[in-house]
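A.B. asks: Attaching a single structure in structure tokens format; questions to follow.
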Ligand code: DOR
Ligand code: ZN
């Protein structure tokens, strides 16, 4: 097959994104809005986005940060707590702007303190979600500290996901940012209402990247990067054409001082080169023809939203990702900082 040097695809969407709030929101929204038509926006603010009213207000703050001339639609999510009621789920559905409810096991990751302590406490809310076809988006890791950090996702499948699906067989579920062969295999074999997002960092990096010549805080995220065999399984899942797998960057900006610290925050800021990095992954796998399905079709099909109608063009061209955005301790250090990118947004 002749080498493809220009790629025109239906405009992609990002089905898992952190935009934060306030000044940070204004700094990061343009990176996503330049590339993606829509994004599922995570609700782990302080305080978390737990109601339709909070989601609607947050949505407006995001829209206010979209640069003129760009059309970008934030798809909002609610933060599930032990106290989420069926009435709150109904209000979310009725709002028209909330497209999922996020389950953070309490203590699993950034701003998850208000998360769920025991998913069985959420049965009434889950019942309403199942009935209303409101997807449950999961951070799939056990929080039991006696479980090795590299095994927490695989253990989550056994301890929580299998029992959950058995109790709520019609609940639509997105296993977010999967990182293991076990998760990819589980989703592939599950019923059609179970899908997964895959990040660019889990497709490009294995856990060696956290320790390459020294401790690399900018490669620290949750779920943590895994062994090479898992990265391989994720690439196979993403590029294999199955509609159960779709694009979700989990781009999660933290200022430099919060990353380069004795207790650094988890999160990789990939938005400034996200679709370009996915193009590189699919290119390396000889699967550029499947990028559009993964990036632009499978997500809206799962969420039962229309596919985008405009297009995005990428060119095979080398460029350098800036080392940072901004100056000093507040700078944002992106994925691939100061390094070579192989696809460019036209
Ligand atoms: O790496 C991560 N960063 N994983 C998460 O689950 C949360 C996210 C964040 O909000 O920073
Ligand atoms: Zn996330």
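Where a number appears in this text, it was derived from the coordinates with a stated rule and is not lab data. What you are looking at is a predicted structure, and each value in this text was computed from that prediction instead of being measured. Heads up, the Cβs are rebuilt from the backbone with ideal geometry, glycines too, and the neighbour counts pull from every protein chain shown.
A.B. asks: Return the pairs, sorted by first residue and then second, in which the second residue is assigned to a loop (DSSP other than H, G, I, E, B) and within 16 Å of ligand 1 (Cβ to nearest atom), the first residue lies in region 16-35 and is within 9 Å of residue 65 (Cβ to Cβ), the beta carbons are less than 7 Å apart, and the residues are 6+ apart or on different chains.
C.D. replies: From residues that are within 9 Å of residue 65 (Cβ to Cβ), the pairs are 25/19; 28/19; 28/20; 28/253; 29/19.
A.B. asks: Scanning region 267-281 for residues that are farther than 14 Å from residue 20 by Cβ and surrounded by fewer than 24 Cβ atoms within 10 Å (Cβ to Cβ), which turns out nearest to ligand 2 (Cβ to nearest atom)?
C.D. replies: For region 267-281, the residue satisfying everything is 277.
A.B. asks: Considering only region 297-311, state which residues are in contact with a helix residue (DSSP H, G or I) (Cβ under 7 Å, 6 or more places away or on another chain) and surrounded by 13 or more Cβ atoms within 10 Å (Cβ to Cβ).
C.D. replies: Those that are in contact with a helix residue (DSSP H, G or I) (Cβ under 7 Å, 6 or more places away or on another chain) and surrounded by 13 or more Cβ atoms within 10 Å (Cβ to Cβ): 307, 308.
A.B. asks: May I ask you to say which residue of 246, 211 is out of contact with any helix residue (DSSP H, G or I) (no Cβ under 8 Å at 6 or more places or on another chain) and either within 30 Å of residue 327 (Cβ to Cβ) or within 16 Å of ligand 2 (Cβ to nearest atom) (or both)?
C.D. replies: Unique residue meeting the criteria: 211.
A.B. asks: If I filter region 245-266 down to residues being assigned to a helix (DSSP H, G or I) and more than 20 Å from the chain's Cα centre (by Cα), which single residue comes out as surrounded by the most Cβ atoms within 10 Å (Cβ to Cβ)?
C.D. replies: That would be 256.
A.B. asks: Under 8 Å between Cβ atoms, which residue pairs at least 6 apart in sequence (or on different chains) link something in region 235-260 that is farther than 18 Å from residue 109 by Cα with a partner that is within 16 Å of ligand 2 (Cβ to nearest atom) and part of a helix (DSSP H, G or I)?
C.D. replies: 235/203; 238/203; 246/299; 247/299
A.B. asks: Considering only region 336-346, I want to know if a residue exists there that is on the phi < 0 side of the Ramachandran plot, in a helix (DSSP H, G or I) and in contact with a strand residue (DSSP E or B) (Cβ under 9 Å, 6 or more places away or on another chain).
C.D. replies: Within region 336-346, none of the residues are on the phi < 0 side of the Ramachandran plot, in a helix (DSSP H, G or I) and in contact with a strand residue (DSSP E or B) (Cβ under 9 Å, 6 or more places away or on another chain).
A.B. asks: Then there is this: Is it true that some residue in region 98-113 is free of Cβ contacts under 8 Å to residues at least 40 places away in the same chain and more than 16 Å from ligand 1 (Cβ to nearest atom)?
C.D. replies: No, that holds for no residue.
A.B. asks: Tell me which residues, restricted to region 257-274, are within 11 Å of ligand 1 (Cβ to nearest atom) and either touching a helix residue (DSSP H, G or I) at 6+ places or on another chain (Cβ under 6 Å) or more than 11 Å from residue 217 (Cβ to Cβ) (or both).
C.D. replies: 259, 264, 265, 268, 269, 270 - these are the residues of region 257-274 that are within 11 Å of ligand 1 (Cβ to nearest atom) and either touching a helix residue (DSSP H, G or I) at 6+ places or on another chain (Cβ under 6 Å) or more than 11 Å from residue 217 (Cβ to Cβ) (or both).
A.B. asks: List the number of the failed condition for residue 27; all other conditions in (1) over 19 Å from residue 278 (Cβ atoms); (2) more than 16 Å from ligand 1 (Cβ to nearest atom) hold.
C.D. replies: (2)
A.B. asks: Identify, from the list 177, 201, the residue that is touching a strand residue (DSSP E or B) at 6+ places or on another chain (Cβ under 9 Å), within 22 Å of residue 144 (Cβ to Cβ) and either without any contact (Cβ under 8 Å) to a residue 12 or more places away in the chain or surrounded by 16 or more Cβ atoms within 10 Å (Cβ to Cβ) (or both).
C.D. replies: When all the criteria are applied, what remains is 177.
A.B. asks: Within region 268-312, which residues are within 22 Å of the chain's Cα centre (by Cα), on the phi < 0 side of the Ramachandran plot and not in a helix (DSSP H, G or I)?
C.D. replies: Those that are within 22 Å of the chain's Cα centre (by Cα), on the phi < 0 side of the Ramachandran plot and not in a helix (DSSP H, G or I): 268, 269, 270, 285, 287, 305, 306, 307, 308, 311, 312.
A.B. asks: Residues to consider are 67, 30, 48; find the one that is more than 15 Å from the chain's Cα centre (by Cα) and closer than 22 Å to residue 140 by Cα.
C.D. replies: 48
A.B. asks: Which condition from (1) surrounded by fewer than 17 Cβ atoms within 10 Å (Cβ to Cβ); (2) closer than 26 Å to residue 307 by Cβ; (3) within 16 Å of ligand 2 (Cβ to nearest atom) is the one that residue 39 breaks?
C.D. replies: (1) is the only condition that residue 39 fails.
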